[in-house]
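Below: the structure, in structure tokens.
The values are calculated or read from the model by the stated rules, or taken from the named source; none is laboratory data. It should be emphasised that the depicted structure is a prediction, and the values quoted were computed from it without experimental measurement. So basically every Cβ, Gly included, is an ideal-geometry build from the backbone, and we count neighbours across all protein chains shown. Ligands, DNA and RNA are excluded from the accessible area calculation, which covers all protein heavy atoms including side chains. Shrake-Rupley method; radii C 1.70, N 1.55, O 1.52, S 1.80 Å.
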Amino acid sequence: MVKRTPFHERLSELNTTGLFGHWSGFLSPLRYDTSAKHEYFGVRNSAGFFDSSPLYKHRITGPDAERFLGGVMARDVRVCTPGRAQYTVWCDGEGYLLEDGVLFRHAPDEFVLTCAEPNVGYLGDLATGHDVRIEDVSEQFAVLAVQGPRSREILATLSPDVARLRFFGLTPTTIAGVPVTVSRTGFTGDLGYELMIPADDALTVLDAVIAAGTPYGMRPFGEEALLMCRIEAGLVLIGVDFTSARYAYNDSERLTPIELGLGWLLRTIDDDSRPFIGRDALRRELEDKTSRWNTVGLVLDWAAYDGLYRDAGLTPPKDETPLPWESMLYDDAGERIGYAPSMMYSPVLQRHVAIALVKPEHAALGGTVHVEQTIQHEYTSCPATVTTLPLFNPARKTANI
């Protein structure tokens with residue numbers, strides 16, 4: 001049976017399209033308006049709100065919580081102090097990526113991990129010998145993301161505590177008389193916040209947020225607009241940019257954090273006091289330089305792209321919908337050198353952009369790769385420049401007040 005999130009009653013009233021998808025067994029709005037671009041620009045120009053409730057939420061508590069998580073997570077949890085959150089990943093013993101998520105530290109011995117897949121059983125199997133408790137609290141809380149340049153102003157009218165939050169900070173507060181936790185996090189690559197709300201009080205808080213945001217033009221946005229934002233932000237997505245090693249059939253379907261551009265999470269990998277799962281394999285990869293891929297951004301040459309279509313007597317498409325397939329990449333000689341699992345036309349950058357995996361020798365910034373295109377039933381390609389991620393990175397995202 002498909003479930004409904006605690007916000008569904010209100011959000012279904014706002015959804016003029018009636019378009020819903022399935023996310024972890026819940027109905028999830030794909031878009032509310034006739035065009036996801038309208039919702040996208042709501043986020044980029046003012047603010048939007050998104051129902052992230054289907055995320056799995058695992059509470060890890062106990063005297064050994066930090067030590068336990070330090071042996072599982074690839075990023076050093078010890079540097080995440082109470083009142084902070086961190087993006088992190090966890091791997092199998094060969095260093096291949098199992099999943100990513102955000103770890104929220106509420107107290108020295110209390111954490112909450114949010115992620116796309118259920119991990120309570122996996123974590124529980126690893127907890128033997130640790131004084132730690134692992135609970136699935138997924139359905140106890142609703143999660144509302146409020147994202148965009150006006151998000152701080154909107155939420156600060158409901159809770160002054162929000163205005164003081166730093167990037168990846170979190171604070172307990174009260175909104176409309178309901179105790180909530182607000183974090184300065186999100187999946188849009190913009191200034192934004194996420195509210196973790198007791199499920200029974202979800203509509204009370206949502207109504208207060210909508211009332212506060214209406215004068216600012218805030219609007220709901222669905223999965224389609226969110227996926228547009230996350231590509232511009234260079235944020236990788238399980239099931240699109242990487243396959244969990246749990247479900248991969250072979251090594252070609254597996255990626256390491258280093259290959260996925262997440263090597264920056266491993267800054268303390270040489271600290272022998274924290275032998276996390278996959279550490280030895282990842283150290284060998286770094287030392288021996290055996291990464292098969294580098295993850296980069298691509299910006300397609302707009303003039304060349306337009307020319308390909310105009311020469312064929314066609315209007316060049318500028319579709320912001322992310323492509324649902326991988327686009328192959330080639331070098332100047334026509335040899336395949338990688339693939340782009342996430343590509344779209346960026347409305348704010350007015351360029352076709354991509355998150356791509358290329359062989360390391362072709363990953364130099366400013367270099368050129370050729371992106372496969374299919375025009376009039378024939379394969380051709382368009383040159384693209386290799387660049388850094390994120391592709392869209394406004395200063396307001398991380399700036400202090």
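Observations on the model:
- Cβ-Cβ under 7 Å pairs, at least 6 apart or on other chains, the range 320-339 side in contact (Cβ under 8 Å) with a residue 40 or more places away in the chain and of a type in the set (D, E), far side open to solvent by less than 80 Å² (accessible area, probe 1.4 Å) and part of a strand (DSSP E or B): E320/M344; E320/Y345
- Where a residue in the range 77-93 is in contact (Cβ under 8 Å) with a residue 40 or more places away in the chain and more than 22 Å from P172 (Cα to Cα) and its partner, wherever it lies, is charged (D, E, K, R) and surrounded by fewer than 16 Cβ atoms within 10 Å (Cβ to Cβ), with Cβ under 9 Å and at least six apart: D92/R246; G93/D280
- So D332, is it modelled with pLDDT under 95 and either under 22 Å from T290 (Cβ atoms) or surrounded by fewer than 14 Cβ atoms within 10 Å (Cβ to Cβ) (or both): no
- Matching option when the condition is within 24 Å of the chain's Cα centre (by Cα), small (G, A, S) and over 24 Å from M228 (Cα atoms), among A281, A245, A333: A245
- Meets criteria (under 27 Å from V358 (Cβ atoms), modelled with pLDDT of 95 or more and either open to solvent by 50 Å² or more (accessible area, probe 1.4 Å) or more than 20 Å from the chain's Cα centre (by Cα) (or both)) for R267: yes
- D280 satisfies every condition listed in (1) open to solvent by 50 Å² or more (accessible area, probe 1.4 Å); (2) part of a helix (DSSP H, G or I); (3) under 28 Å from H38 (Cα atoms) except (3).
- Within the range 201-211, if we keep just the residues that are out of contact with any helix residue (DSSP H, G or I) (no Cβ under 9 Å at 6 or more places or on another chain) and open to solvent by 40 Å² or more (accessible area, probe 1.4 Å), the residue that is farthest from R4 (Cα to Cα) turns out to be A211.
- Sole exception among (1) under 22 Å from the mean Cα position of the chain (by Cα); (2) open to solvent by 10 Å² or more (accessible area, probe 1.4 Å); (3) within 30 Å of Q350 (Cβ to Cβ); (4) of a type outside the set (V, I, T) for L14, by number: (1)
- Listing of strands (runs of 3 or more DSSP E) fully contained in the range 79-131 that carry 1 or more residues being open to solvent by 30 Å² or more (accessible area, probe 1.4 Å) and among the charged types (D, E, K, R): 84-91, 110-115
- Look at the range 54-66: where a residue is crowded, with 21+ Cβ neighbours inside 10 Å and a partner is among the acidic types (D, E) and in a loop (DSSP other than H, G, I, E, B), sitting 6+ places away or on another chain with Cβ atoms under 8 Å, you get A65/D109.
- Residue in the range 388-399 that is polar (S, T, N, Q), open to solvent by 60 Å² or more (accessible area, probe 1.4 Å), under 30 Å from E153 (Cβ atoms) and touching a Phe, Trp or Tyr at 6+ places or on another chain (Cβ under 8 Å) present: yes
- Count of residues meeting criterion [at pLDDT 95 or above and either under 12 Å from G222 (Cβ atoms) or in contact with a strand residue (DSSP E or B) (Cβ under 7 Å, 6 or more places away or on another chain) (or both)] in the range 1-11: 7
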